[in-house]
Each structure stands twice: as C-alpha cells, then as structure tokens.
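Everything below concerns the one structure shown next.
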Amino acid sequence: MPEPTRDALHAILDLLPGPVFRLGRDGRHTFANAAAARAVGCEPDRIIGLTPGEAGIPPHLVAVIEKHVQAVLTTGAPAEYLLTAPTHAGDVAFLTRLVPEFGPDGTVVAVVGASADVTAQVAVERALRESEERYRAVVEDQTEIVCRFRPDGTITFINDVYCRMFGKRADQLIGSRWQPLVFPEDRPHIESQLAEMAPNNPVVRIENRAFDKSGRVRWMEFVNRGFYTPVGELVEIQAVGRDVTDRRAAEDARRELEADLRAREQQQRYERQLVQSQKLESLGVLAGGIAHDFNNLLTGMLGYASLCRMRLPPDDPMSDDLKRIERAAQRAAELCQQMLAYAGRGQFVVRPVDLNALTQEMTQLLATVLSKKAVLKYNLTAGLPAVQADATQVRQVVMNLITNASDAIGERSGVITLTTGLIDADARYLAPGRYVYLEVSDTGCGMTDEVRAKIFDPFYTTKFTGRGLGLAAVLGIVRGHKGAIRVYTQPGRGSTFKVLFPALDRPDDAPRPEPAVPVRDGQGRRVLVVDDEEDVRVFARKVLELAGFAVALAPDGRAGVEAFAADPAGFAVVLLDLTMPRLGGADAYREMRRHRSDVRVVLTSGFAAEEAMSGFAGKGLAGFLRKPFRTDELLTTVFDVVGPQRRDDRSEEGRP
C-alpha cells in the first residue's frame with residue numbers, strides 16, 4: 001500500500017477537532033491544522049512562519065509555550081502543559097502534549113504539539129475541588145471527630161478534631177487502621193455492628209470506648225454511614241463521633257440516684273408495712289387478751305348451762321332453752337377463736353362441713369348489712385359431698401365474698417348469685433380430684449386487669465374504709481385447705497369468685513347427736529382445780545362432785561402449789577390453768593413435779609393447744625382442755641386421765 005502524500009496527511013490532520021502544530025528550532029510555525037488556526041483566529045496559511053506571539057497568542061501564554069518548547073528542544077523529552085487561552089469562541093482550556101522530532105543525526109529539529117479541549121473536564125475538576133474544599137471546611141469546623149475508612153478498617157480521611165483527640169498527625173493516621181485506637185474488649189462489638197450495615201440499612205450507631213492522647217479511656221458515640229456502589233458493594237464508611245464520657249457519667253449518676261430513690265421508696269414501704277404490722281400486732285395482742293378473758297367467762301356460761309341441763313329430766317321444757325344458751329355460748333366461743341386466730345394464737349378445728357348449709361347460714365346472718373339494692377339468688381346443688389374444713393374459716397371466706405359482691409353493686413340495683421356444685425379437676429387446673437365449689441357472682445362494677453392483679457395483695461383496697469386484708473385472708477384460708485380460687489371479671493359487667501375445696505369421699509354425715517355425759521364414778525379420788533376465775537373453779541367443782549370426785553380449789557398458781565404440797569399423793573389429777581397471777585401454770589407445774597414427779601396435770605387455757613403446751617414439751621402433761629368447755633368435755637378429759645374406778649378400790653375405801 002503506497003504511503004500517504006504530505007497533502008493527504010495535512011488533510012487528515014485538518015479533520016481533528018483539536019489544534020495540531022509544528023514549531024521549528026527557531027520557534028516559528030511550520031505547520032498548523034485548521035483547528036489551530038481557528039484557535040488564534042486566522043487562516044492556516046497565514047500562521048506559517050509566525051511565532052506563537054506573532055500569531056496572536058497573549059504574551060503570558062507565549063511564555064508558558066516557549067518554556068515547554070525549549071525544554072523539549074533541549075532534553076528531547078516530551079512535555080505536557082495545561083493553559084486557558086482566549087479564542088473567538090471564548091476561553092478554552094487546552095491540554096497540550098509536545099513531542100520532539102528527531103533528524104537523521106539524532107538531534108531535535110522540531111517540536112510537534114497536539115492540544116485537546118478539556119474545558120468541560122477542567123470545569124468539573126474545579127467544581128470538585130471547590131466542593132471538597134467546602135466539605136473540608138465544614139468538617140474542620142465540626143466539634144465532632146470525623147474519619148473515613150475502607151471496609152478493612154484502613155483510614156482514608158480524618159479531620160483536625162480527630163487528630164487532636166488521639167494526639168497524632170494526619171500522616172500518622174491515614175493509611176493505618178482504626179482498631180488499635182479503641183478499647184480492645186469493644187472491638188468485637190464494633191465489628192459485629194458494622195457487619196450489620198447494608199444498602200437498605202446504611203447507618204449504624206455505636207457507642208464504644210477509645211484511648212485519647214493521654215491514654216485515658218473515653219466513651220465515644222459514632223454514627224457510621226456506609227457508601228455503596230450501584231451493585232451494592234461497600235466502598236467506604238464515614239464515622240462521625242463525639243465524646244459522651246460526661247453524658248454517660250451523668251446517666252450513671254442518674255441511674256444511681258434512681259436506684260437510691262427506689263431503695264428509699266422500698267425502705268419507706270417496708271417502714272410503712274412495719275408500722276402496719278406493729279399496729280396489727282398490737283391489735284392482735286389486744287384481741288388475744290380479750291378472747292382469753294371471754295373464754296374464761298364463756299366457760300362459766302357454757303358450763304353452767306350444760307350442768308343445769310344435765311340435772312333436768314330429758315323431757316323438761318327448760319332443756320331446749322338451755323340448749324339454745326349452749327349454742328349461743330358455743331358461737332361466742334367460735335368468735336373468740338377467730339380473734340385468737342387474728343392474733344396468731346388460734347387453733348382451727350377441721351371437720352366435715354356442708355357448704356350449702358354454711359352458705360345459707362351466712363347469707364341469713366349478713367342480710368341486714370348487704371346492699372338494699374342487691375337481690376340474692378341461690379343456685380345450690382343438692383346432695384354435695386362435705387368438705388374437710390374449719391367451719392369458722394369457711395364462714396369468713398363466704399362472708400368476705402358476699403360483702404365484696406354487695407359493695408361492688410353499691411347503690412345500683414343488682415343481683416348476687418350463689419352457686420355450688422361438684423367438679424372433677426385435672427392437673428392443668430388443680431391437683432387431680434373432686435372439688436366442691438362455691439361461686440359468688442355479682443352484676444356490679446367489675447374490675448380492670450390492673451386491679452384484678454392486686455386484689456389478693458395484703459393492704460391493697462379500693463374501698464374508702466377498707467384495710468386490704470379480706471381477700472388476702474380468703475386466699476390464705478383457701479390455700480390452707482388445699483383448695484383454689486379463680487376470679488373472672490370485666491369492667492362494667494361484674495365479677496365472679498369461684499372457690500374450690502377438696503371433696504370428701506362420702507357425703508357429710510347427718511348431724512351427730514350430742515355426746516352423752518359419761519356415766520363414771522369418781523368416788524374415792526381427789527381433784528385439785530387451780531384457776532384464777534371463780535366461775536370456772538366453782539363450775540368444775542360442781543361437775544366433778546356430781547361425778548363422785550372430792551374437789552379442792554386454788555385461786556392462783558402459788559395457792560395451788562401449796563395445796564398440792566400438803567398432800568402430793570392424795571390428788572388423782574390436777575386441773576391447772578395456764579395464765580394466772582402470782583404464779584403461772586408453767587411454774588406451778590414445775591413446783592408440783594418437785595413434790596411428786598409423776599403428778600398427772602391437765603392444762604386448761606383459752607389459747608390453742610399448740611401454743612399453750614409449747615412450754616411443756618417432754619414434761620409429761622397428762623392432757624389439755626380447751627376453754628370454754630362443757631360438762632361432758634370436762635368429765636371425759638378427767639376420766640381419760642384417771643382411768644375407770646376399780647371395784648376393789650371402792651371396796652377398800654368404802655366411802656368417797
């Protein structure tokens with residue numbers, strides 16, 4: 001293929017958009033294409049033989065051109081420069097590359113140049129520089145520390161605040177990694193948090209510790225933002241952080257203060273509960289003392305009524321009246337037991353209880369105190385098995401539930417429904433077995449979930465005059481009977497309390513006939529009755545004398561010891577009260593045992609057997625008789641201790 005002619009090459013060069021020129025060693029143009037001529041505003045033929053300055057290029061640009069041309073002529077190495085030249089189309093930025101043209105002898109004979117219009121690129125770069133300068137100004141003016149780093153942790157940018165924070169220069173930090181600057185134990189946490197960063201979750205907030213320039217540990221809060229390629233590849237992370245050591249210290253101080261306040265509030269609650277407990281304890285002591293004294297009085301009332309009835313013929317009309325007195329005294333004794341239980345000194349008698357009969361009995365007693373707008377509705381299932389329970393405690397449960405239902409109805413008209421029945425429970429509900437239940441439902445105000453969660457808490461009440469002990473006592477009683485209680489309620493719709501008691505295997509027996517007075521003979525044997533209550537002493541003497549015993553009386557423990565010491569072998573049994581003036585029952589018993597180690601003593605007290613006999617464990621008490629007691633109970637206890645009278649004993653003694 002033949003080589004292109006000179007004219008053909010010039011024609012090709014004229015087609016190029018950028019200037020192309022050739023300068024001889026004298027600095028004059030030997031060639032310029034059309035674009036070069038247009039740049040200086042003349043025809044291509046006219047520029048030949050002219051220097052750049054003669055061609056119309058401004059002097060300050062000519063100096064730049066001649067400098068680089070001379071360097072190429074001298075060194076023979078290419079050169080490149082950027083300048084902005086005025087043209088007829090306006091200022092144009094040209095990037096010019098100069099290359100040497102060598103002669104046959106290897107010397108540089110000319111310089112060939114080619115320029116490209118990079119005006120747009122220069123404008124973009126200028127705008128980028130200005131933007132970066134503005135960004136740096138903003139960053140440097142921040143009080144927060146700012147850094148950028150690659151995904152591997154290599155730092156690519158930091159501001160002055162960052163340098164001051166860590167006491168290092170920028171050139172010491174850029175290119176290194178951030179990991180050595182943070183607290184070692186925090187690194188796994190930081191890396192795991194950064195790993196959660198994603199294109200749809202580009203911002204991660206992290207608090208961690210770092211070492212400042214003094215080596216102190218400071219708490220830092222960083223907002224980390226990830227920058228991603230269009231395909232979702234993480235390119236760089238920018239972290240903006242601030243020192244939050246003082247804030248965390250303040251938060252710690254606040255938490256400590258709140259904890260201290262909570263502790264103080266808890267202490268105040270404990271103190272209030274202690275005061276309340278002391279009040280209840282004082283009330284309990286008062287109730288216990290009153291109950292004890294009443295038991296002594298009731299012993300006389302119950303005893304004399306039973307003694308009188310024992311002396312009457314069975315068909316005497318007075319017998320029924322005396323029975324009523326006995327029942328009233330027995331009910332009063334049960335109230336005393338409740339008072340002792342409130343004082344923590346009670347004893348509960350567990351026996352088969354008919355829940356239907358007890359419920360009806362309590363509603364009749366409560367009729368006068370229930371809301372006048374409340375209607376009682378009964379839905380009692382007949383033929384229910386009995387429950388093994390303390391009747392007094394179950395009465396308290398029924399009373400509390402019914403009065404609460406009445407209070408819930410208040411001044412509005414409403415219905416209280418009492419339902420009993422029998423269910424079989426499985427392990428999901430209760431211990432497997434059969435349970436007799438009582439439901440007390442009302443159409444009253446109901447309860448919110450918040451109130452329902454607290455109703456069994458001691459001292460919690462929604463009543464103006466309440467003490468917050470009723471349902472707490474109900475829960476304790478039910479649990480003590482191995483039962484359960486369920487509550488169903490809805491605000492504005494009413495409440496239902498369902499109480500379950502384990503059922504006995506057989507229905508409750510019919511009311512048992514009263515035990516007959518033992519027909520036994522105490523002739524020939526002596527009994528010492530030691531009690532500070534005269535009615536008790538006289539009643540015991542009369543009953544025992546009717547049974548044939550010879551009875552000696554003592555009004556207190558000291559007198560009792562003296563009477564016993566006068567004839568230790570002469571007394572078959574001693575009835576000894578626990579609480580007496582001068583010398584109590586425990587001390588009197590100890591003194592009597594010194595005179596006769598096998599003395600048979602029956603302790604009497606209005607307190608429960610467990611409490612009354614706690615100080616006599618292992619000391620050989622012959623028995624215990626709970627006040628108030630009836631004629632049959634007294635004689636049964638005494639004869640159980642002394643045993644039956646032998647015929648030969650009677651024949652030998654002949655007379656009482």
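A short reminder: the numbers here are calculations on the coordinates, not readings from a lab. Note that the structure is a prediction, hence the values are computed from the model and not measured. FYI the Cβ positions are ideal-geometry reconstructions off the backbone, even for glycines, and counts take in every protein chain you see.
Using a Förster distance of 51 angstrom, determine the FRET efficiency expected from the C-beta separation of LYS482 and ASP598, and round it to 0.05.
Calculated value: 0.80.
Please give the residues of the stretch 31-57, grouped as numeric ranges, whose backbone N is less than 13 Å from a label point set 7 Å along the Cα-to-Cβ vector of LEU15.
Correct set: none at all.
Describe numerically, in nm with one decimal, the distance between label points set 7 Å from Cα along Cα→Cβ at ALA382 and at ARG255.
6.9
For a Förster distance of 60 Å, can you work out the FRET efficiency between the beta-carbons of VAL244 and ASP321, rounded to the nearest 0.05?
0.10
Using the 10 angstrom Cβ neighbour count as an exposure proxy, how do GLU361, GLU233 rank, fewest first?
GLU233, GLU361
Under 13 Å Cα to Cα from LYS619, which aspartates and glutamates show up? Leave out anything in the same chain fewer than 8 places away.
ASP587, GLU591, ASP598
Using a 10 Å cut-off on Cβ atoms, rank the peptides 146-159, 623-636 from the highest mean neighbour count down.
623-636, 146-159
Tell me which lysines have Cα within less than 27 Å of LYS372's Cα, excluding those fewer than 8 residues away on the same chain?
LYS463, LYS498
Could you work out how much longer the chain between ARG38 and ARG590 gets when fully extended? Use 0.36 nm per residue separation minus the Cα distance between them, nm to one decimal.
184.8 nm
Sketch the reach of a paramagnetic label on ALA565 as a point 7 Å from Cα along Cα-to-Cβ, and name the residues of the stretch 588-605 whose backbone nitrogen lies under 20 Å away.
Correct set: 588-601.
Just rank LEU298, LEU181, fewest to most, by other beta-carbon atoms within 10 angstrom.
Ranking LEU298, LEU181 by Cβ neighbours within 10 Å, fewest first, gives LEU181, LEU298.
Would any residue of the stretch 92-134 have its amide N under 15 Å from a label point 7 Å out along Cα→Cβ of ALA77? List them or say none.
98-100
Over 29 Å between C-alpha atoms is what I'm after, so list which of LYS373/LYS454; LYS323/LYS377; LYS454/LYS627; LYS323/LYS482 land there.
LYS323/LYS377; LYS454/LYS627; LYS323/LYS482
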